[in-house]
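For reference, the structure discussed in these notes is given below.
Please treat every number below as a calculation from the coordinates, not as lab data. Remember, it's a predicted structure, so these values are computed and weren't measured experimentally. Don't worry about glycine lacking a Cβ; one is built from the backbone with ideal geometry, like all the others, and counts go over all protein chains shown.
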Amino acid sequence: MPLRFTSERHLDDGVVERAFTLGEIPGILWTPASAPVPLILLGHPPLGLDRMYPRLVARALHAAADGFAAATIELPGSGDRPRWDALEAARSELRRVKQAGEPVSDEIIDALILPLVDKAVPEWQSALDALLALPEIEGPVGYSGGVISVGVRLAATDPRIAAAGLFAGSFVPRAILDEARRVTIPLHVLLQWDDEGNDRQASLDLFDAFASNEKSLHANMGGHTGVPPYAGDAAARFFTRHLK
């Protein structure tokens, strides 16, 4: 898919932010003045790039200060992308079950996560193809963020991903747990211990399944949005160690 830049603006410290489209998929690339540089892919929940932008740009500026480019793309069925009826139905069923106080079944988790992973991961890989062809980007490549199952699939299947910082906090299908056993790259996993929407034990089981020789679990007290500021510093040191 062709990558086409649609806008450009200059942020602090010489960072250039460019919106792009990859076919019909919107995305954003941030590059520091020191380019060419390694790249970090910024994963995020399927809430839309507009809604996630404040957090994404903060992460991108942190990455740029450490000498990395950062890029993200809109997930399927999110933002201005076409509605995905099957995904909407899975989300509605999840809301119904949680409001009723019922357990979230494996069937609901599979319907919610696996089609998203199947569609999103090839799109991330197409974006990576296009981004690595730019003169301001060079390897190696890291993946940072969620949806954690997307990160697991990328880490397990794409040899260009050299290290991953994964955000626990979304449901994990059993099939993804099996894929985690094939992940061998260095991992930095962030877990909010009191995350109201996360199955803590499932996150711990996933971490245990990873086959990486270097993997670290960073658990902080607090809910989903209570990630302490210093957690980003620890992740930055991880990527500097493995991508530079």
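Worth pointing out:
- By the beta-carbon count within 10 Å of each Cβ, the least crowded to most crowded order of L243, L190, L94, fewest first, is L94, L243, L190.
- Summarising the label geometry, the points placed 7 Å from Cα in the beta-carbon direction at R237 and E88 lie 4.6 nm from one another.
- The angle separating the long axis of helix 148-157 from the principal Cα axis of greatest extent in the chain is about 60 degrees.
- Ranking of H242, H10 by count of other Cβ atoms within 10 Å, fewest first: H10, H242
- The residues packed around R9, meaning those with a beta-carbon under 10 Å from its beta-carbon, carry a net charge of -1 if Lys and Arg are +1 and Asp and Glu are -1.
- Rounded to 10°, Cα long-axis angle of helix 200-209 versus longest principal axis of the chain: 60
- Positive-end extreme of charge dipole, region 3-243 - chosen from F239, T157, L190 (charges on Cβ): F239
- Computed extension gain for D80 through A19, at 0.36 nm per residue and net of the alpha carbon distance, reaches 20.6 nm.
- Shape metrics for region 111-211, restricted to C-alpha atoms - Rg then Dmax, Å: 13.6, 43
- For V147, V104, V189, order by how many other beta-carbon atoms lie within 10 Å, fewest first: V104, V189, V147
- The H on the amide N of H44, modeled in the peptide plane, is under 5 Å from the matching H of G146, V147, each at least 5 residues off or on a different chain.
- For the chain, the share of alpha carbon pairs falling in successive 5 Å distance bins from zero is 1, 6, 14, 18, 21, 18, 12, 7, 2, 1, 0 percent.
- Around G23: net Lys/Arg minus Asp/Glu count, Cβ-Cβ under 10 Å: -1
- Estimated 222 nm signal from helices in the chain, with DSSP H stretches of n ≥ 4 weighted -39500 (n - 2.57), rounded to 500: -13500 deg cm²/dmol
- For the chain, the share of DSSP beta bridges that are antiparallel, to the nearest 5, is 45%.
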